[in-house]
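Trainee: If you scroll down you'll find the structure; I have some questions about it.
What follows is calculated from the coordinates using simple rules that are stated; it is not laboratory data. Keep in mind that what you see is a predicted model, and the values were worked out from it rather than measured. Cβ: placed from backbone, ideal geometry, glycine included. Neighbour counts: every protein chain shown.
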């Protein structure tokens, strides 16, 4: 930053009002774009410069001044859009107190607005011409709308800004009222002055290290404190641009948020914790491949409990997009303190503490061992902002707590608001608290429980029973009041609302850079699934708790519970009562009630004074201690099928019942077609899920507002049928099939089966992995666990035979796999053990005989074993190996504790997928994908002419070796930096470098490389063991001597397009393209590239550590295969090559060339391709000369030695 800019920004700190600040920006940065709003979250953009914002604001202020409204309150009711901004600042310019609120969509939403109007007593309502009539219609019979000014701000007379007068305001002038949800059901307006806002803006800028080059991206609503103060005032204060989009755009398609950060190079953006969870769940691997999040250096997380596992999962999921874990910025704040109270250190890893849960319940801080049943991990919310103070006080005695004690968080400082509007008593209680032991004060009582550790704030709970769900503050008494009024048989003042953590266990496989999870070589050639493939979970060490499996990942979600007493003599229809409660709460608060518990009258826990004890009630609910009359809990684990066609109203009804039942976690039989969905507890997030799925499946448009009002299944059917005659599903669902008929093979299996018939008894399709087991091993339980997995997966009980010349699967009802045990304690050297392993893994399988899985246990020492698992590729792939290891460890742990297997029943089996694939290949959608590949691979060169050491044999023998390589750590870091700068993935850079090497060696400009994808796009396939892997043929044109940066753009385009069309099985592609076949090489491509950015994790369970290890199979299925994976030491990898073609020295030179190319590229990305090729040529000559000299030296030494030997014998 130049000295001039530093001097200007120093002036900002001296402003006393936001009006001075905006006026300053409008002069110094007049034509700079300040705010951009994407109406659809993607492309429909409208912008305001600082000068335009100032001009519009002055025009609105002038109109307000003309109406004589200075000093009054103005209610702002604006739909999502940029019109809100000049309206808000126009109020400040006029000395009018702004009151932000969200306009009601329907009659259900009007009570909150009416409560705000009653409390704030606004003199004017500001809105737009587009919604004026709707607002007046909704509010007409609620209050005298003619007795209040209505001002539409998008149609003011031009030139009004010239008549604006500077208002008499200062640092202590009230700027606006931030309304929060009230504990009595009535919203309370927090009074915030210009001084509050400017102080919080300054400390936020300091803590987040914002500069004029920052870029803010937000979808948070501007009537929310985080959206307004964080998303509007902070960019204005820092003088940097802000990109905005509607909240609905994000909720409907979370990808839009990260896409905007990627496209506009956002540096600061954030949201409540649930938004990060949504991104993990909803953003597909294809979408992740298009994202570059390397510019995002402040990813703030606040407004609801911050979950440690969410941060870890998000960082792992989006690491391939350039997201760095150090970008996470947990923070803590509230409307009463303007916004931010504490914040983290920028660009530092998040601090966390693992504490004993039982001690925490006693308000004590006791460290715990991580990932145990009695531990809970809390995330630090950073340090208190400058000029403010936090103390931890006992909420009962109002004295300062000890250092190791949990208490209520109290805050003081310039950001704390003046109190609640016209609520003297509540202001006194909340904003004017004093410590009774030291008389220090006044403090703001936050109502939150927590503690300070090393000066950092940790939040443990909420003293006032506040319920936070998906970032929304819900007060229990509001919900309780709604519930007790929903039915006449419910006792008044005798219910309790609270939140519970529900454990949602789901499979979260992590992809690699763009492609990965093993490989599949094609055509007549063979393939191998790399044992180095990532397991289907996040990288690192995965611990299995002794209190239940976390396979393979889990996260907790807060859900609402309502416990309600019935009247003493009431005998109502209990299902009717339950439905009434759910419907009332959903309509009034737009939140779903997870559990409705009806109990006997007079049995709910109360204090001696008759106050409901919510915590005691929650404890009894969790312990099954309530006197329950009826209990309705949504079953989050219920597996609801979907149908594979919907050709009439009856099947549409069935489809929608199952779709909505799954979304709401309600059994199908409890979903009458006529019943409004609001009565079932639908909320906005679930509504978007339902809307998206229907639109994807049928290609029709569904209104979220309809879903959130009175839509039923019947009305949705009417909408679907009205918009198109063809109401058949676009997607074909995978469903279980009958095993009575002959079971087909998938295309990849068919190819392997036919190749096996051509060359029976070969080991080239064996998939092997070794797992080192360190610790105390129970061999009998390991054997039992293995057979539990065999029984669980039909693929492991499958053999193959021919019927009428066509292969079919034979699934055996039961099968026992014997664990072969070898005593290796007498083998001292690793070479002997490796030979033993090689003999085991090279033994061929007979596809007509089970099992096609072998297990061998090598006993190395008493506490060290090596488990070698070998499967035929026809029943497995690299991903499957990960599933097998993880499930094996999970079942082993359960059986060791004398518990049943915790693994859920599989929704489908591999044979169901094979049948589904046959059906899918007959659909019209396949043609679109095939057309792309036919165009992309038209007129390809049949063979890549690499300079081999020996002529190519007429028939491949597949004998091979590996040459390992490790790239320097600083080079690995430089590659990542380049990927961030260029907006590409690491995969793309490494692939482009590899293709540059191939170009340099072959002098060919048409380079085709195979690269694997997991082939598990359907969620039901992710937990299966089977042969799913597919290979993409990535063809890049290197002609025209492009720079490497230009080549990178070509590679990016090819990779992303290939990924978008990945569903075509490679076998189908070969069948359609009919490439020239030859027994000496693979069709379409002869080289393979694999990048894996997820390391193989070890698995820790009690007394035993499982560490997977790669096995060298001694084979090579391609002319060259480069595999690279990420490790703690940087990038490691291997060149796999056929010894019929290459010498070890040649491959060693290739590896050196690859590293040299990569080093040159990261330093000079604009270097031309021919210059890179010249570097390879020069390096090759130099290395050959060195090799020749070394060979001469060795030969000379041998000659001298032989002469000495001859002389000594003579």
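Trainee: Let me check against my output: what whole-number percent is the relative contact order of the stretch 375-463, with C-alpha pairs under 8 Å and at least 6 apart?
Mentor: Relative contact order of the stretch 375-463: 34 percent.
Trainee: A further question on this structure: Once the Cα atoms of helix 308-317 and of the chain are each reduced to a long axis, what angle between those two axes, in degrees from 0 to 90 to the nearest 10, is obtained?
Mentor: Taking Cα atoms only, the helix is inclined about 50 degrees.
Trainee: While we're on this one: How many angstrom lie between the C-alpha centres of the stretch 950-1014 and the stretch 785-837?
Mentor: Rounded to whole Å, the Cα centres lie 33 Å apart.
Trainee: Kindly provide the helix-only [θ] at 222 nm of the chain, computed as the sum of -39,500 (n - 2.57) over DSSP H runs of four or more divided by all residues, to the nearest 500 deg cm²/dmol?
Mentor: Mean residue ellipticity, 222 nm, calculated: -11000 deg cm²/dmol.
Trainee: Given Cα pairs under 8 Å that are at least 6 residues apart, what percent is the relative contact order of the stretch 284-335?
Mentor: Reported as a whole number, the value is 53 percent.
Trainee: Sort 1026-1037, 997-1008, 146-157 by packing, meaning the average of other beta carbons within 10 Å per residue, with the highest value first.
Mentor: Per-residue Cβ counts within 10 Å, averaged per peptide and sorted highest first, yield 1026-1037, 997-1008, 146-157.
Trainee: Next question, about the same structure. Sorted by packing (mean other beta-carbon atoms within 10 Å per residue), highest first, where do 32-44, 897-909 land?
Mentor: Final packing ranking: 32-44, 897-909.
Trainee: A further question follows. Taking Cα centroids, how far is the stretch 101-174 from the stretch 853-920 in Å?
Mentor: A separation of 63 Å, based on Cα centres.
Trainee: How big is the chain on each of its three principal axes, counting only the C-alpha atoms and giving the largest first in Å?
Mentor: 117, 78, 69 Å, listed from the longest principal axis down.
Trainee: Using only Cα atoms, tell me the angle between helix 878-896 and the longest principal axis of the chain; keep it within 0 to 90° and round to the nearest 10.
Mentor: The helix 878-896 is inclined about 70 degrees to the chain.
Trainee: For the stretch 771-930, what D do you get in µm² per second when you plug the Kirkwood radius from alpha-carbon pairs into Stokes-Einstein at 4 °C and 1.567 mPa s?
Mentor: D = 73 µm²/s.
Trainee: Let me ask another. For the stretch 375-463, what is the convex hull volume of its Cα atoms per residue in Å³?
Mentor: 108
Trainee: As a footprinting exposure proxy, order 678, 798, 928, 653 by other Cβ within 10 Å, with the fewest listed first.
Mentor: 928, 653, 678, 798
Trainee: For the peptides 455-462, 279-286, what is the packing order when you average, over each peptide's residues, the other Cβ atoms within 10 Å and list the highest mean first?
Mentor: Put in order of decreasing packing, that is 455-462, 279-286.
Trainee: Another question, then. Let's test the formula: R0 of 56 Å, r as the Cβ-Cβ distance of residue 165 and residue 485. What FRET efficiency results, to the nearest 0.05?
Mentor: Plugging the Cβ-Cβ distance into 1/(1 + (r/R0)^6) gives 0.65.
Trainee: Then there is this: Evaluate the Debye formula for the stretch 233-361 with equal point scatterers sitting on the alpha carbons, no solvent, and hand back log10 of I(q)/I(0) at q = 0.09, 0.11, 0.14, 0.15 Å⁻¹, in q order, two decimals.
Mentor: Debye output, listed in q order: -0.27, -0.40, -0.65, -0.74.
Trainee: For the stretch 415-489, just list the percent of Cα-Cα distances falling in each 5 Å bin from zero outward, please.
Mentor: 3, 11, 13, 19, 22, 14, 8, 5, 3, 2, 0
Trainee: While we're looking at this one, here's another question. By DSSP, what percent of the beta bridges with both residues in the chain are antiparallel, rounded to the nearest 5?
Mentor: Expressed as a percentage, antiparallel bridges in the chain total about 75.
Trainee: Taking the 0 to 90 degree range and rounding to the nearest ten, how far is the long axis of helix 779-792 tilted relative to the main principal axis of the chain, both from C-alpha atoms?
Mentor: Orientation of helix 779-792: about 80 degrees from the principal axis.
Trainee: So, one more: Among 58, 25, which comes first, second and so on when ranked by fewest other beta-carbon atoms within 10 Å?
Mentor: 25, 58
Trainee: Pulled fully out, how much extra length does the chain show between residue 424 and residue 121, if you take 0.36 nm times their separation in residues and subtract their Cα-Cα distance?
Mentor: 107.4 nm
Trainee: How high is the relative contact order of the chain? Use alpha-carbon pairs under 8 Å, at least six apart in sequence, and give a whole percent.
Mentor: Across the chain, relative contact order equals 9 percent.
Trainee: How do 381, 859 rank when sorted from fewest to most other Cβ atoms within 10 Å of their own Cβ?
Mentor: So the residues, fewest neighbours to most, are 859, 381.
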